[in-house]
Amino acid sequence: MFALIRSMTGYGRGESSLHDRTITVELRSVNNRYLDSSVKIPRAYVFAEEAIKARLQKQISRGKVDVFVSLDTSAAEKVEVTLNKPVADGYYKALVTLRDTYSLRDDLSVSLLSRFPDIFLVEKEQADLEEVAEDICQVLDLAIGEFNAMRDREGRKLAEDIASRAQAIRRLLSIVEAKGPEAMAEYRGRLERRMAEVLENTQIDENRILTEAAIFADKVAVDEETVRLRSHLDQLDEILSEGGIVGRKLDFLIQEFNREVNTIGSKCSDVETTRIVVEMKGEVEKIREQVQNIE
């Protein structure tokens, strides 16, 4: 069983009703070298954007994260209606003057005065900005919980796939190591046959054979590369076992994998070993692609 490793890709959604506001938050993320977060939120609540980004930074270290926030505040809106007394007084005095000046029937009433504009002041109660921001962040936490759960599941699959491919590289590496002595024996046999053809009945100089074989062995020996590659494979196992934020570390390690496998490929001298090295390169490339998804 591997330790916790998270994928950078994921989705999460949270919804809750707090202080008569229904808040919905959605998170989506894709791969990115660093954390790049963007928040889509109604203009009236843009004041909460920094609090949202700060909360994200505590939970997510890498990836391009898009946050979508929507609010239904219809139940929370409180309206206060008050009499605009100076305006009402002005209208009343004007109506009284009109009545007295022209000896009109006195039909002044509340319904009549209420028809005039600006008689009443209608004000919406101001929301507590800190309260709203905290409510949004609470729902954000719900979305992050679902988001991280999905990333954990994907991370386990990535770790299993990488470990499986690393095991395949170990198997192929063992074949390359076993073929080293065979390649030396084949080369020595070819060298002896050539010298025998050239020299015919002349005695073959054994020292010359040994010298040529030693030169060849030095050129094609991959012992150092295979030892380093096995060390990198062990390090890969350790990183997967430790878990955590390991994406950048694995990315660097896979570059070392590539370097050693390419060097082995440049030294191999037979078709079979070349084929095996091509398989190893394929497995390393698949690991590299998976590593790009890890936080």
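The values are calculated or read from the model by the stated rules, or taken from the named source; none is laboratory data. These figures come from a predicted structure and were not determined experimentally. Counting neighbours? That spans all protein chains shown, and the Cβs are built from the backbone with ideal geometry, glycine included.
Quick notes on this structure:
- Evaluation of C268 against the conditions (1) farther than 24 Å from V30 by Cα; (2) at pLDDT 90 or above; (3) in contact with a helix residue (DSSP H, G or I) (Cβ under 7 Å, 6 or more places away or on another chain) shows that the sole unmet condition is (2).
- Region 13-40, subset of a type outside the set (S, T, Y) and closer than 30 Å to E238 by Cβ, residue surrounded by the most Cβ atoms within 10 Å (Cβ to Cβ): L35
- Wholly within region 1-87, strands (runs of 3 or more DSSP E) carrying at least 2 residues that are out of contact with any Pro (no Cβ under 6 Å at 6 or more places or on another chain) and at pLDDT 90 or above: 10-18, 21-30, 35-40, 63-72
One line per residue, one yes/no per condition, for (1) under 21 Å from T73 (Cβ atoms); (2) not in a helix (DSSP H, G or I):
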position: D118; (1), (2): no, yes
position: E123; (1), (2): yes, yes
position: V132; (1), (2): yes, no
position: E154; (1), (2): no, no
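- Pick from region 220-246, criterion under 16 Å from R165 (Cβ atoms) and without any contact (Cβ under 8 Å) to a residue 24 or more places away in the chain, ranking: surrounded by the most Cβ atoms within 10 Å (Cβ to Cβ): I239
- Verdict on L83 being out of contact with any His (no Cβ under 7 Å at 6 or more places or on another chain) and more than 30 Å from D20 (Cα to Cα): no
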